[in-house]
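One structure is given below, encoded as C-alpha coordinates.
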Amino acid sequence: MAGARRANKIDAHGGVVLAGSVDSHTHLVFPASRAAEYEQRISGATYEEIARRGGGILNSVRKLREMGATELKERARAKLAQFAAHGTTTLEAKSGYGLDWPSERRILLILRELARAQALEIVSTFLGAHVLPPEFRGGKKPADDYVELICREWLPHVAEENLAEFCDVFCDRGAFTVAQSRRILTAARACGLKLRVHAEQLERTGAARLAIQLHASSADHLEKLTAGDIRALANSDVTCTMLPGCCFHLGLAHYGPARKLIEAGAIVALATDFNPGTSPTLSMAVILSLACTQMRMTPAEAIAASTINAAYSLGRHESIGSLEVGKFADMAVFDVADYREIPYYFGVNHCVMTVKSGGVIYSRR
Ligand SMILES: [Zn+2]
(Lines give C-alpha, C1' and ligand atoms only; values in the text may rest on other atoms or scores of the structure.)
Protein backbone atom coordinates (compact mmCIF):
# COMPACT_ATOMS: atom_id res chain seq x y z
CA MET A 1 0.00 0.00 0.00
CA ALA A 2 1.23 3.47 -0.85
CA GLY A 3 0.69 4.80 2.68
CA ALA A 4 2.83 2.01 4.12
CA ARG A 5 6.00 3.23 2.39
CA ARG A 6 6.74 5.92 4.96
CA ALA A 7 5.69 3.76 7.92
CA ASN A 8 8.10 2.91 10.73
CA LYS A 9 9.31 -0.67 10.76
CA ILE A 10 9.31 -2.36 14.16
CA ASP A 11 11.53 -5.38 14.80
CA ALA A 12 9.70 -7.86 17.06
CA HIS A 13 12.95 -9.83 17.55
CA GLY A 14 11.27 -13.16 16.81
CA GLY A 15 8.63 -12.69 19.53
CA VAL A 16 4.91 -13.42 19.21
CA VAL A 17 2.71 -10.60 17.91
CA LEU A 18 -1.01 -10.69 18.77
CA ALA A 19 -3.90 -8.27 18.47
CA GLY A 20 -3.96 -6.10 21.60
CA SER A 21 -6.17 -7.47 24.37
CA VAL A 22 -9.69 -6.06 24.58
CA ASP A 23 -10.69 -6.06 28.24
CA SER A 24 -14.48 -5.88 28.04
CA HIS A 25 -15.29 -5.79 31.78
CA THR A 26 -13.47 -3.55 34.28
CA HIS A 27 -14.36 -1.32 37.22
CA LEU A 28 -11.38 0.96 36.55
CA VAL A 29 -12.21 3.94 38.80
CA PHE A 30 -12.06 3.07 42.50
CA PRO A 31 -10.54 4.82 45.50
CA ALA A 32 -8.39 2.18 47.24
CA SER A 33 -7.55 -1.51 47.42
CA ARG A 34 -9.50 -3.75 49.80
CA ALA A 35 -6.52 -5.78 50.94
CA ALA A 36 -7.81 -5.85 54.55
CA GLU A 37 -10.99 -7.63 53.40
CA TYR A 38 -8.80 -10.02 51.41
CA GLU A 39 -7.18 -11.07 54.67
CA GLN A 40 -10.60 -11.36 56.40
CA ARG A 41 -11.77 -13.71 53.67
CA ILE A 42 -8.65 -15.83 54.01
CA SER A 43 -9.52 -16.09 57.72
CA GLY A 44 -12.96 -17.47 56.83
CA ALA A 45 -15.42 -14.57 56.27
CA THR A 46 -17.44 -14.84 53.06
CA TYR A 47 -17.75 -12.04 50.51
CA GLU A 48 -21.41 -11.57 51.47
CA GLU A 49 -20.69 -11.52 55.24
CA ILE A 50 -18.12 -8.77 54.68
CA ALA A 51 -20.66 -6.86 52.58
CA ARG A 52 -23.27 -7.11 55.38
CA ARG A 53 -20.79 -5.49 57.81
CA GLY A 54 -20.52 -2.44 55.54
CA GLY A 55 -17.46 -3.74 53.72
CA GLY A 56 -17.40 -4.82 50.11
CA ILE A 57 -18.77 -2.48 47.46
CA LEU A 58 -20.13 0.00 50.06
CA ASN A 59 -16.63 0.35 51.52
CA SER A 60 -15.43 1.52 48.08
CA VAL A 61 -18.50 3.77 47.70
CA ARG A 62 -17.82 5.54 51.02
CA LYS A 63 -14.19 6.22 50.12
CA LEU A 64 -14.92 7.26 46.55
CA ARG A 65 -17.51 9.84 47.59
CA GLU A 66 -14.87 11.45 49.85
CA MET A 67 -12.03 11.44 47.32
CA GLY A 68 -11.34 14.36 45.01
CA ALA A 69 -11.69 13.96 41.24
CA THR A 70 -8.01 14.65 40.61
CA GLU A 71 -6.80 11.89 42.93
CA LEU A 72 -9.34 9.40 41.52
CA LYS A 73 -8.32 10.27 37.98
CA GLU A 74 -4.59 9.95 38.69
CA ARG A 75 -5.13 6.54 40.29
CA ALA A 76 -7.03 5.36 37.20
CA ARG A 77 -4.43 6.86 34.86
CA ALA A 78 -1.67 4.89 36.62
CA LYS A 79 -3.71 1.69 36.22
CA LEU A 80 -4.24 2.41 32.51
CA ALA A 81 -0.45 2.59 32.05
CA GLN A 82 -0.22 -0.84 33.69
CA PHE A 83 -2.94 -2.21 31.39
CA ALA A 84 -0.89 -0.98 28.43
CA ALA A 85 2.23 -2.62 29.85
CA HIS A 86 0.36 -5.93 29.87
CA GLY A 87 -0.72 -5.70 26.22
CA THR A 88 -4.26 -4.34 26.61
CA THR A 89 -5.19 -1.71 24.02
CA THR A 90 -8.96 -1.21 24.63
CA LEU A 91 -10.95 -1.52 27.80
CA GLU A 92 -14.50 -1.15 28.97
CA ALA A 93 -14.89 0.69 32.30
CA LYS A 94 -17.95 0.98 34.51
CA SER A 95 -19.18 3.50 37.06
CA GLY A 96 -20.87 1.97 40.13
CA TYR A 97 -18.80 3.04 43.15
CA GLY A 98 -20.64 6.35 43.43
CA LEU A 99 -24.30 5.37 43.74
CA ASP A 100 -25.42 8.98 44.01
CA TRP A 101 -25.75 11.13 40.91
CA PRO A 102 -22.85 13.56 41.52
CA SER A 103 -20.45 10.67 42.21
CA GLU A 104 -21.65 8.46 39.33
CA ARG A 105 -21.38 11.42 36.96
CA ARG A 106 -17.90 12.24 38.31
CA ILE A 107 -16.70 8.71 37.49
CA LEU A 108 -18.10 8.89 33.95
CA LEU A 109 -16.53 12.33 33.40
CA ILE A 110 -13.16 10.98 34.63
CA LEU A 111 -13.45 8.16 32.08
CA ARG A 112 -14.23 10.65 29.32
CA GLU A 113 -11.24 12.84 30.26
CA LEU A 114 -8.93 9.84 30.45
CA ALA A 115 -10.13 8.59 27.06
CA ARG A 116 -8.90 11.88 25.59
CA ALA A 117 -5.75 12.25 27.69
CA GLN A 118 -4.02 8.89 27.19
CA ALA A 119 -3.64 6.27 24.46
CA LEU A 120 -5.95 3.39 25.42
CA GLU A 121 -9.49 3.40 24.08
CA ILE A 122 -12.03 3.45 26.94
CA VAL A 123 -15.62 2.28 26.45
CA SER A 124 -17.84 3.71 29.22
CA THR A 125 -20.64 1.85 30.98
CA PHE A 126 -23.11 3.29 33.49
CA LEU A 127 -23.55 0.88 36.43
CA GLY A 128 -25.71 2.92 38.81
CA ALA A 129 -27.45 -0.39 39.60
CA HIS A 130 -24.36 -2.00 41.15
CA VAL A 131 -25.88 -2.46 44.63
CA LEU A 132 -28.37 -0.43 46.68
CA PRO A 133 -26.70 2.73 48.06
CA PRO A 134 -26.53 3.21 51.86
CA GLU A 135 -29.40 5.76 51.71
CA PHE A 136 -31.79 3.00 50.56
CA ARG A 137 -30.72 0.25 52.99
CA GLY A 138 -32.20 -1.01 56.22
CA GLY A 139 -35.76 -0.08 55.25
CA LYS A 140 -34.92 3.64 55.02
CA LYS A 141 -36.48 3.91 51.56
CA PRO A 142 -37.92 1.23 49.26
CA ALA A 143 -35.43 -0.32 46.82
CA ASP A 144 -37.86 0.33 43.97
CA ASP A 145 -37.53 4.07 44.62
CA TYR A 146 -33.83 3.78 43.77
CA VAL A 147 -34.71 1.87 40.60
CA GLU A 148 -37.12 4.64 39.60
CA LEU A 149 -34.51 7.31 40.39
CA ILE A 150 -32.11 5.60 37.98
CA CYS A 151 -34.79 5.19 35.29
CA ARG A 152 -36.47 8.59 35.48
CA GLU A 153 -33.58 10.89 36.40
CA TRP A 154 -30.10 9.43 35.99
CA LEU A 155 -30.43 7.52 32.71
CA PRO A 156 -31.85 10.52 30.80
CA HIS A 157 -28.88 12.60 32.11
CA VAL A 158 -26.40 9.89 31.06
CA ALA A 159 -27.87 9.93 27.55
CA GLU A 160 -28.18 13.73 27.34
CA GLU A 161 -24.56 14.34 28.33
CA ASN A 162 -23.40 11.32 26.31
CA LEU A 163 -21.64 9.96 29.42
CA ALA A 164 -21.80 6.24 28.57
CA GLU A 165 -22.30 3.89 25.64
CA PHE A 166 -23.60 0.97 27.72
CA CYS A 167 -25.78 0.41 30.78
CA ASP A 168 -25.04 -2.53 33.09
CA VAL A 169 -27.01 -4.00 36.02
CA PHE A 170 -25.81 -6.33 38.79
CA CYS A 171 -28.77 -8.72 38.67
CA ASP A 172 -28.12 -11.19 41.49
CA ARG A 173 -28.81 -12.16 45.09
CA GLY A 174 -28.12 -9.15 47.31
CA ALA A 175 -28.21 -6.72 44.36
CA PHE A 176 -31.15 -6.22 41.94
CA THR A 177 -33.97 -8.62 41.05
CA VAL A 178 -34.79 -9.70 37.51
CA ALA A 179 -37.88 -7.43 37.52
CA GLN A 180 -35.85 -4.40 38.71
CA SER A 181 -33.10 -5.18 36.21
CA ARG A 182 -35.64 -5.46 33.39
CA ARG A 183 -37.06 -2.05 34.33
CA ILE A 184 -33.60 -0.41 34.34
CA LEU A 185 -32.32 -2.06 31.18
CA THR A 186 -35.53 -1.30 29.26
CA ALA A 187 -35.31 2.35 30.31
CA ALA A 188 -31.62 2.42 29.33
CA ARG A 189 -32.39 1.04 25.89
CA ALA A 190 -35.11 3.65 25.42
CA CYS A 191 -32.42 6.28 26.14
CA GLY A 192 -30.25 4.82 23.36
CA LEU A 193 -27.79 2.90 25.54
CA LYS A 194 -26.61 -0.64 24.73
CA LEU A 195 -26.86 -3.27 27.45
CA ARG A 196 -24.62 -5.53 29.55
CA VAL A 197 -25.66 -7.64 32.57
CA HIS A 198 -23.79 -9.06 35.60
CA ALA A 199 -25.62 -12.41 35.55
CA GLU A 200 -25.78 -15.73 37.42
CA GLN A 201 -22.68 -15.17 39.58
CA LEU A 202 -23.87 -15.81 43.15
CA GLU A 203 -27.17 -17.49 42.36
CA ARG A 204 -29.13 -18.63 39.29
CA THR A 205 -31.76 -15.88 39.00
CA GLY A 206 -32.76 -15.90 35.31
CA ALA A 207 -30.56 -12.89 34.52
CA ALA A 208 -29.02 -14.61 31.50
CA ARG A 209 -32.49 -15.19 30.02
CA LEU A 210 -33.24 -11.51 30.61
CA ALA A 211 -30.04 -10.59 28.72
CA ILE A 212 -31.22 -12.73 25.80
CA GLN A 213 -34.76 -11.27 25.81
CA LEU A 214 -33.44 -7.70 25.81
CA HIS A 215 -30.73 -8.42 23.18
CA ALA A 216 -27.97 -7.35 25.56
CA SER A 217 -24.48 -7.18 24.08
CA SER A 218 -23.03 -9.26 26.89
CA ALA A 219 -23.93 -11.38 29.91
CA ASP A 220 -21.03 -11.56 32.34
CA HIS A 221 -19.93 -14.04 35.07
CA LEU A 222 -22.42 -16.91 34.34
CA GLU A 223 -20.95 -19.32 36.91
CA LYS A 224 -24.43 -20.64 37.87
CA LEU A 225 -25.91 -21.36 34.42
CA THR A 226 -28.29 -24.29 33.88
CA ALA A 227 -28.04 -26.61 30.86
CA GLY A 228 -31.09 -24.82 29.42
CA ASP A 229 -29.43 -21.42 29.88
CA ILE A 230 -26.36 -22.67 28.02
CA ARG A 231 -28.52 -23.78 25.06
CA ALA A 232 -30.42 -20.49 25.06
CA LEU A 233 -27.21 -18.42 25.14
CA ALA A 234 -25.73 -20.53 22.33
CA ASN A 235 -28.79 -19.71 20.20
CA SER A 236 -28.45 -15.99 20.90
CA ASP A 237 -26.17 -13.12 19.91
CA VAL A 238 -25.31 -12.38 23.54
CA THR A 239 -21.59 -12.64 24.25
CA CYS A 240 -20.88 -14.81 27.30
CA THR A 241 -18.11 -13.01 29.17
CA MET A 242 -16.27 -15.26 31.58
CA LEU A 243 -14.41 -13.67 34.52
CA PRO A 244 -12.23 -16.41 36.04
CA GLY A 245 -10.15 -13.85 37.98
CA CYS A 246 -13.12 -13.51 40.36
CA CYS A 247 -13.36 -17.24 41.08
CA PHE A 248 -9.62 -17.39 41.65
CA HIS A 249 -9.40 -14.35 43.92
CA LEU A 250 -12.42 -15.48 45.98
CA GLY A 251 -10.89 -18.95 46.27
CA LEU A 252 -13.90 -20.68 44.70
CA ALA A 253 -13.67 -24.21 43.34
CA HIS A 254 -16.36 -23.69 40.70
CA TYR A 255 -15.56 -21.73 37.53
CA GLY A 256 -17.94 -20.73 34.73
CA PRO A 257 -18.91 -23.41 32.17
CA ALA A 258 -16.80 -21.97 29.34
CA ARG A 259 -16.14 -25.39 27.79
CA LYS A 260 -19.87 -26.24 27.62
CA LEU A 261 -20.70 -22.82 26.21
CA ILE A 262 -18.07 -23.16 23.48
CA GLU A 263 -19.22 -26.67 22.61
CA ALA A 264 -22.85 -25.49 22.41
CA GLY A 265 -21.78 -22.74 19.99
CA ALA A 266 -21.99 -19.67 22.23
CA ILE A 267 -19.79 -16.59 21.76
CA VAL A 268 -17.36 -16.68 24.70
CA ALA A 269 -15.25 -13.72 25.77
CA LEU A 270 -12.77 -13.31 28.63
CA ALA A 271 -12.13 -10.21 30.73
CA THR A 272 -10.29 -9.32 33.93
CA ASP A 273 -13.23 -7.78 35.86
CA PHE A 274 -10.50 -5.53 37.32
CA ASN A 275 -11.98 -4.29 40.63
CA PRO A 276 -10.84 -3.94 44.25
CA GLY A 277 -13.15 -6.56 45.79
CA THR A 278 -13.22 -9.69 43.71
CA SER A 279 -10.61 -9.47 40.94
CA PRO A 280 -7.75 -7.02 41.44
CA THR A 281 -5.73 -8.12 38.41
CA LEU A 282 -5.29 -6.13 35.24
CA SER A 283 -3.19 -8.83 33.55
CA MET A 284 -5.01 -10.50 30.67
CA ALA A 285 -2.19 -13.08 30.58
CA VAL A 286 -3.17 -14.21 34.08
CA ILE A 287 -6.81 -14.50 32.90
CA LEU A 288 -5.63 -16.63 29.96
CA SER A 289 -3.78 -18.95 32.37
CA LEU A 290 -6.91 -19.33 34.53
CA ALA A 291 -9.11 -19.89 31.47
CA CYS A 292 -6.81 -22.63 30.18
CA THR A 293 -6.09 -24.39 33.48
CA GLN A 294 -9.40 -23.95 35.33
CA MET A 295 -11.94 -23.83 32.48
CA ARG A 296 -10.09 -26.02 29.96
CA MET A 297 -10.12 -23.49 27.18
CA THR A 298 -7.29 -24.03 24.70
CA PRO A 299 -4.72 -21.22 24.49
CA ALA A 300 -6.07 -20.30 21.02
CA GLU A 301 -9.68 -20.19 22.29
CA ALA A 302 -8.62 -18.04 25.24
CA ILE A 303 -6.74 -15.57 23.03
CA ALA A 304 -9.72 -15.30 20.63
CA ALA A 305 -12.00 -14.78 23.65
CA SER A 306 -9.88 -11.90 24.98
CA THR A 307 -9.49 -10.15 21.61
CA ILE A 308 -12.01 -10.55 18.76
CA ASN A 309 -14.90 -11.94 20.85
CA ALA A 310 -14.49 -9.24 23.48
CA ALA A 311 -14.37 -6.64 20.68
CA TYR A 312 -17.65 -8.09 19.35
CA SER A 313 -19.30 -7.62 22.75
CA LEU A 314 -18.28 -3.94 22.60
CA GLY A 315 -19.54 -3.52 19.02
CA ARG A 316 -15.99 -2.93 17.74
CA HIS A 317 -15.18 -6.21 15.95
CA GLU A 318 -14.93 -4.48 12.57
CA SER A 319 -12.18 -2.11 13.71
CA ILE A 320 -10.19 -3.94 16.43
CA GLY A 321 -9.69 -7.41 17.95
CA SER A 322 -7.68 -9.08 15.18
CA LEU A 323 -4.70 -8.32 12.95
CA GLU A 324 -6.31 -7.68 9.58
CA VAL A 325 -5.87 -5.18 6.77
CA GLY A 326 -8.33 -2.34 7.30
CA LYS A 327 -8.39 -2.59 11.10
CA PHE A 328 -6.53 -0.37 13.54
CA ALA A 329 -2.97 -1.57 14.24
CA ASP A 330 -3.54 -2.49 17.91
CA MET A 331 -0.86 -5.02 18.79
CA ALA A 332 1.01 -6.59 21.66
CA VAL A 333 4.49 -8.12 21.27
CA PHE A 334 5.39 -10.94 23.64
CA ASP A 335 8.92 -12.12 24.35
CA VAL A 336 8.10 -15.83 23.89
CA ALA A 337 8.78 -18.39 21.15
CA ASP A 338 5.24 -19.85 20.97
CA TYR A 339 1.89 -18.17 21.72
CA ARG A 340 1.00 -21.02 24.10
CA GLU A 341 3.83 -19.89 26.38
CA ILE A 342 1.80 -16.77 27.27
CA PRO A 343 -0.69 -18.69 29.51
CA TYR A 344 1.86 -21.43 30.25
CA TYR A 345 4.31 -19.16 32.14
CA PHE A 346 1.53 -18.10 34.52
CA GLY A 347 1.93 -14.88 36.46
CA VAL A 348 4.75 -13.57 34.28
CA ASN A 349 4.29 -10.53 32.05
CA HIS A 350 6.00 -11.30 28.75
CA CYS A 351 4.58 -8.25 26.96
CA VAL A 352 7.56 -6.17 25.76
CA MET A 353 5.78 -3.73 23.44
CA THR A 354 2.25 -2.43 22.95
CA VAL A 355 1.07 -0.60 19.83
CA LYS A 356 -2.20 1.37 19.71
CA SER A 357 -3.52 2.61 16.34
CA GLY A 358 -0.04 2.19 14.85
CA GLY A 359 1.84 4.10 17.58
CA VAL A 360 4.10 2.50 20.20
CA ILE A 361 2.53 3.28 23.60
CA TYR A 362 4.68 0.97 25.72
CA SER A 363 8.11 -0.57 25.17
CA ARG A 364 10.40 -2.38 27.53
CA ARG A 365 13.27 -2.32 25.05
ZN1 LIG B 1 -17.97 -6.63 37.45
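For this structure, a couple of remarks:
- Cα centroid separation, the stretch 3-27 to the stretch 197-242: 32 Å.
- Charge dipole (the chain, unit charges on Cβ, about Cα centre) - positive-most of Ser279, Gln118, Leu91: Gln118
- Under the combined filter of DSSP loop state and at most 14 neighbouring Cβ atoms within 10 Å, the stretch 287-331 retains these GluC sites (Glu not before Pro): Glu318, Glu324.
- Positive contributions from Lys and Arg (+1) and negative ones from Asp and Glu (-1), summed over other residues with Cβ under 15 Å from the Cβ of Thr177, come out at -1.
- Relative contact order for the stretch 206-303: 25 percent, from Cα pairs under 8 Å spaced at least 6 residues apart, divided by residue count.
- Over the chain, Cα pairs under 8 Å with separation of 6+ residues give a relative contact order of 20 percent.
- Each peptide in 69-82, 41-54 was scored by the mean count of other Cβ atoms within 10 Å over its residues; highest first, the order is 69-82, 41-54.
- Reachable aspartates and glutamates, given that their alpha-carbon falls under 13 Å from the alpha-carbon of Lys327 and they are not under 8 places away in the same chain: Glu318
- Each Lys or Arg adds one and each Asp or Glu takes one away; over the other residues whose Cβ falls under 11 Å from the Cβ of Pro31, this sums to +3.
- Overall form of the stretch 284-365 per C-alpha gyration tensor (a/c, 1.5; a/b vs b/c): oblate
- Entries in Lys63/Lys94; Lys9/Lys356; Lys94/Lys260; Lys63/Lys224; Lys140/Lys224; Lys79/Lys356 that, when Cα-Cα distance is taken, lie over 22 Å: Lys94/Lys260; Lys63/Lys224; Lys140/Lys224
- For the stretch 134-270, the per residue solvent-accessible surface stands at 41 Å², with DNA, RNA and ligands left out and a 1.4 Å probe.
- Taking every DSSP helix (H) stretch of at least 4 residues in the chain, weighting each as -39,500 (n - 2.57) and dividing the sum by the residue count yields a mean residue ellipticity at 222 nm of -11000 deg cm²/dmol.
The values are calculated or read from the model by the stated rules, or taken from the named source; none is laboratory data. Because the structure is a prediction, the values reported are computed rather than measured. Positions of Cβ are generated from backbone atoms using ideal geometry, with glycine treated the same way; all protein chains shown enter the neighbour counts. The protein model used for the area step is the full one, side chains on, heavy atoms only, and it has no ligands, DNA or RNA in it. Shrake-Rupley method; radii C 1.70, N 1.55, O 1.52, S 1.80 Å.
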